[in-house]
Amino acid sequence: GRIATPELAAERLRELEILHARAAKGTEERLHMAHKLAQTLWNYDKQDRAIDLLADALSECQIQSNEPIDCFVGFLENKGHFTRGETFLKDRLTRSTNKLHKNWLTLRLYRTYEAALNNNGQVSLGQGDTLYKAAHKAILEDIRTEDHNHRCQLIDRLLSIYRTYDRKKPNYVDLDLMDFAFKRLPKILQRQTNNQESIIRNTAETLKDLVGYREGLAFLIERLENEPSWWRYQHRDGWNQYGWQLGQWRENAKPLGDLEPRLLAIVTAELRRDLETRQQRNRVMYWQHHGHFWKEKTDDFARAAEEVLAERKDSSAAVTYIAEYLFEGLDRHDRAIAILLDAHRRKVLDENGQSRLVDFLHRRDRYGESIAILLPLIELRPDNMRYRVQLMHAYFRTNQREALLDLLAKTDAYFHKENRWNENAMSELGRSCLANQLFEQSVEYYKELIPLHQRTQPQRGIGNGTLSLYYMNLARAYAGLKNTVEAVDAAGAAIVAWGPRHDRRQEAVNTLVDVLRGSPDLDAYVAELDKSVEETGMENPIVRKHLGQVYMERGKFEKAAAQLKLAVESQPNDAGTYKKLIACYDAKKDKTGAIAQLLQWVQLNRRDIELYADLGRRYTDLEKSKQAERAYTSIVEMQPKESESHARLAKIRQEQNRWPEAIEHWRQVAEIRGLEPTGLLNLAKAQVHLKQWNEATETLKKLKARSWPNRFSNVPSEVQTLEQTIEHERQR
């Protein structure tokens with residue numbers, strides 16, 4: 001790299017030069033040192049000296065080292081000496097005896113030709129079109145090599161040249177690229193024994209970028225139509241490799257024209273293979289939940305599935321798999337269910353298929369039809385709690401309460417025998433009773449389940465997430481019984497025991513809010529809470545906070561404010577409660593009360609500058625200019641040596657049209673945060689606003705004299721805009 005300190009830079013060069021001078025001529029060590037010294041010289045803009053040094057070193061040493069050669073030719077290309085680079089590489093080619101090195105030199109020579117094409121340079125083959133044609137012909141000749149790795153690299157170089165010269169002669173290059181991709185490459189691939197996938201992908205991408213999506217898609221389609229069938233057994237086939245590109249490019253290649261039936265044949269063939277083997281791979285085009293689903297061909301996909309079904313209708317596994325595809329992949333819900341019902345009537349469907357049928361019926365609210373399927377399943381697998389729970393829910397959804405209670409009693413009795421009564425059984429029954437509105441039974445199961453879980457888990461289950469979920473369900477069960485006191489206690493326990501997942505934490509809080517919202521008499525619960533606090537001396541700020549939220553939702557702002565005040569008194573550092581309380585006063589249109597609460601919040605959180613900004617805005621609305629000014633100046637007083645406070649007050653001063661004061665604060669920002677351009681940039685903008693052209697020009701000079709971190713990439717364009725503004729205004 002480049003060292004900014006001149007003394008260190010000079011010392012580094014001096015030491016490198018000494019090391020190079022001491023090394024014996026013609027040795028690999030001297031070549032290595034010359035290479036590093038030349039790179040360093042180049043970094044310090046001593047480019048001619050770097051070229052001469054490396055040229056001498058390469059002439060002294062006949063060791064075939066690619067890195068110094070690449071560096072030397074790169075230097076020449078950078079300076080526009082393409083002919084010299086070409087001559088050097090050709091000379092090395094004639095003297096090289098190593099096949100691998102000759103291949104590398106050949107590829108490097110073609111890179112030089114590409115660089116010349118890109119920069120309109122001259123070489124022995126010519127310039128511009130002449131050079132392109134000659135290089136193109138030479139590479140096509142070299143591609144006939146028997147070295148498969150070298151052939152692959154030559155193809156990559158040819159594609160790169162297409163990309164480079166396409167910017168200058170797009171129509172010219174596009175024809176050559178199309179000819180290579182569709183006429184020459186298929187024959188080449190027949191000989192290629194490795195890297196075919198890479199060659200095909202690179203060629204397709206080049207076609208897509210230079211000619212268009214349709215041509216890239218056409219190339220991939222042709223390759224899939226002609227690929228060896230055994231590639232699939234090595235996971236090298238085109239669908240596995242390029243399925244995603246087929247889906248995306250199809251969307252961008254409209255209209256498809258004659259490509260449409262060819263592509264559809266490929267997709268449906270893959271779909272048939274998927275359904276026949278029951279091994280899904282890349283469902284991007286024929287599965288509706290993928291982003292590149294071919295929606296217009298849904299009927300064709302369904303038809304292909306029906307054809308496979310007709311061939312394998314007596315296989316339970318095949319019928320179930322196809323039905324799952326129709327249900328999940330195409331949203332053909334009723335047809336999928338009909339297929340499974342037919343197989344069940346024909347006694348083809350095995351247990352797994354029957355289970356999937358029940359699942360589909362329940363998801364389509366066809367609970368009554370599932371009962372006849374679930375009863376034999378329970379007889380077959382009496383220990384399977386899932387079947388019992390599904391049947392209980394089917395009874396509930398079909399208003400068969402007596403059958404539901406009877407099944408619950410039998411299930412409870414069965415699982416209490418032979419050591420079957422465990423945490424999973426309690427959990428499943430408790431959850432099922434909750435879903436089926438058997439709230440009393442659900443409460444009893446969770447009252448037994450929760451202590452068991454606490455006894456058997458580390459730290460009594462707190463923090464593992466499961467205990468919190470149990471308490472949430474218990475809270476919902478109590479809420480179903482209209483027992484708000486117990487429901488809130490359970491919801492609070494869920495919050496205390498919540499696990500590491502953020503969504504479950506929020507779910508615990510939401511459970512508490514839902515319990516309070518569903519309370520039949522919220523005022524009566526508040527009276528009970530007040531009585532409990534008076535007796536125990538223990539306040540509950542979380543409950544008070546969400547009581548305030550629910551009262552606010554009901555438009556009862558006085559009651560909401562009372563609860564939120566109690567919450568902030570017992571938990572004064574909760575910013576969320578203060579926000580709700582201030583919002584409550586705002587809803588009451590009590591501006592003075594909102595300011596009072598905001599002042600109280602400020603006393604507890606003095607370094608939050610946004611609170612002072614909000615306070616100043618509220619005082620301004622009340623036309624109390626002195627208090628507003630006091631609030632605004634407190635922003636800097638609280639953080640006098642922080643750039644954020646000065647930047648915030650500067651913006652406020654600009655909104656107040658007090659630009660001279662804003663300028664002073666932007667100066668402070670620039671001084672405090674000197675390694676970032678934000679302060680200087682905003683200072684210049686403020687100076688331009690006040691038409692301080694000379695001062696703004698000086699500030700912009702400071703900005704241009706420094707190099708800023710990459711994240712401030714917009715600085716040069718903003719500086720240029722300001723300079724143009726200054727110049728325009730001066731001329732005007």
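The values are calculated or read from the model by the stated rules, or taken from the named source; none is laboratory data. All values reported here derive from a predicted model rather than from experimental measurement. With ideal geometry, Cβ positions are generated from the backbone for all residues, glycine too; neighbour counts draw on all protein chains shown. Note: areas computed on protein heavy atoms with side chains; ligands, DNA, RNA excluded. Shrake-Rupley method; radii C 1.70, N 1.55, O 1.52, S 1.80 Å.
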Would you work out what percent of the accessible area of region 24-167, with all protein chains in place, is carbon or sulfur (probe 1.4 Å)? 45 percent
Just to confirm the number: angle between the C-alpha axis of helix 643-655 and the first principal axis of the chain, 0 to 90 degrees, nearest 10? 80 degrees
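Please list 104-117, 49-62 highest first by mean number of surrounding beta-carbon atoms within 10 Å per residue. Intermediate values should be presented prior to the final figure.
Details: 104-117: 21.6, 49-62: 17.4.
Peptide ranking by packing, descending: 104-117, 49-62.
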Share of region 414-513's accessible area from carbon and sulfur, percent, 1.4 Å? 48 percent
Average accessible area per residue (Å²) across region 1-120 - probe 1.4 Å, nucleic acids and ligands excluded: 53 Å²
Assuming 0.36 nm per residue, please report the length gained on full extension of the stretch Leu100 to Ala409 beyond their Cα-Cα distance. 103.1 nm
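Using a Förster radius of 41 Å, what is the FRET efficiency between Met538 and Gln627 based on their Cβ-Cβ separation? Nearest 0.05, please.
Working: r = 38 Å, r/R0 = 0.93.
About 0.60, to the nearest 0.05.
State in Å² the accessible area per residue of region 236-362; use a 1.4 Å probe, count heavy atoms of protein chains only, and round to the nearest integer. Don't jump to the answer; show the numbers that get you there.
Values: 5430 Å² over 127 residues.
It amounts to 43 Å² per residue over region 236-362.
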Show which lysines lie in cross-link reach of Lys626 when reach means a straight Cα distance below 21 angstrom and same-chain residues fewer than eight apart are skipped. Lys591, Lys651
Could you check the spin-label model distance between Arg554 and Glu444? Points 7 Å from the Cα along Cα→Cβ, value in nm. 3.2 nm
Mind checking the angle between helix 557-570 and the chain's longest principal axis? C-alpha axes, 0 to 90 degrees, to the nearest 10. 70 degrees
Burial-style ranking of 264-277, 4-17, average other-beta-carbon count within 10 Å with highest first, yields 264-277, 4-17
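Could you tell me which of rounded, prolate or oblate describes region 36-85, using a ≥ b ≥ c as the square roots of the eigenvalues of the alpha-carbon gyration tensor, with rounded for a/c under 1.5 and, failing that, prolate when a/b is larger than b/c and oblate otherwise?
On the way: a/c = 1.78, a/b = 1.22, b/c = 1.46.
Judged from the Cα gyration tensor, region 36-85 comes out oblate (a/c at least 1.5, b/c at or above a/b).
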Nearest 0.05, what FRET efficiency do Arg12 and Thr678 give at R0 = 30 Å with Cβ-Cβ as r? 0.35
Straight-line reach check, Lys704, cutoff 20 Å on alpha carbons, 8 or more apart in-chain or any other chain, hits among aspartates and glutamates -> Glu671, Glu676, Glu695, Glu718, Glu723, Glu727
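Between Val496 and Lys588, what's the calculated FRET efficiency when r is the beta-carbon distance and R0 is 41 Å? Round to 0.05. Working shown, then result.
Details: r = 33 Å, r/R0 = 0.80.
So the FRET efficiency works out to roughly 0.80.
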Once the convex hull of the alpha carbons of region 296-449 is built, what does its volume come to per residue, in cubic angstrom? 115 Å³
I need the Kirkwood Rh of region 376-460: take the reciprocal of the average 1/r across all distinct C-alpha pairs and report it in angstrom. 13.3 Å
Using alpha carbon centroids, what distance separates region 249-292 and region 52-113, in Å? 48 Å
When the chain is fully extended, how far beyond the present Cα-Cα distance does Glu718 get from Glu569, taking 0.36 nm per residue of separation? 48.7 nm
If you line up the long axis of helix 238-252 against the longest principal axis of the chain, both from Cα atoms, how many degrees apart are they, to the nearest 10? 90 degrees
Pair Ala134, Ser229: separation of 7 Å Cα→Cβ label points (nm): 5.0 nm
Cα-only Debye scattering, region 531-666: base-10 log of I(q)/I(0) at q = 0.12 Å⁻¹: -0.55
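I need the shape label for region 337-417. Rule: rounded when a/c is under 1.5, else prolate if a/b > b/c, else oblate, with a, b, c from the alpha carbon gyration tensor.
Details: a/c = 2.56, a/b = 1.46, b/c = 1.75.
Note, shape of region 337-417 comes out oblate.
Taking all protein chains as present, what is the carbon and sulfur share of the accessible area of region 517-557, in % to the nearest whole number, probe 1.4 Å?
Values: 1120 of 2240 Å².
Exposed carbon and sulfur together represent 50 percent of the surface.
State in Å² the accessible area per residue of region 689-732; use a 1.4 Å probe, count heavy atoms of protein chains only, and round to the nearest integer.
Numbers: 3310 Å² over 44 residues.
Here the per-residue accessible area is 75 Å².
On average, how much area does the Cα convex hull of the chain cover when viewed from any direction, in nm²? Spell out each step's value before the answer.
Details: hull surface 201.6 nm².
Mean shadow area of the hull around the Cα atoms is 50.4 nm².
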Quick note, region 1-137: a/c under 1.5 would make it rounded; otherwise a/b > b/c is prolate and the rest oblate (a ≥ b ≥ c, C-alpha gyration tensor); here it is oblate
What order do you get for 311-321, 287-297 when each peptide is scored by the mean count of other beta carbon atoms within 10 Å, highest first? 311-321, 287-297
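Provide the gained length on full extension for the span Arg167 to Lys295, in nm with one decimal, where the gain is 0.36 nm per separating residue minus the Cα-Cα distance.
On the way: separation 128, 0.36 × 128 = 46.08 nm, distance 3.62 nm.
The span from Arg167 to Lys295 would gain 42.5 nm if fully extended.
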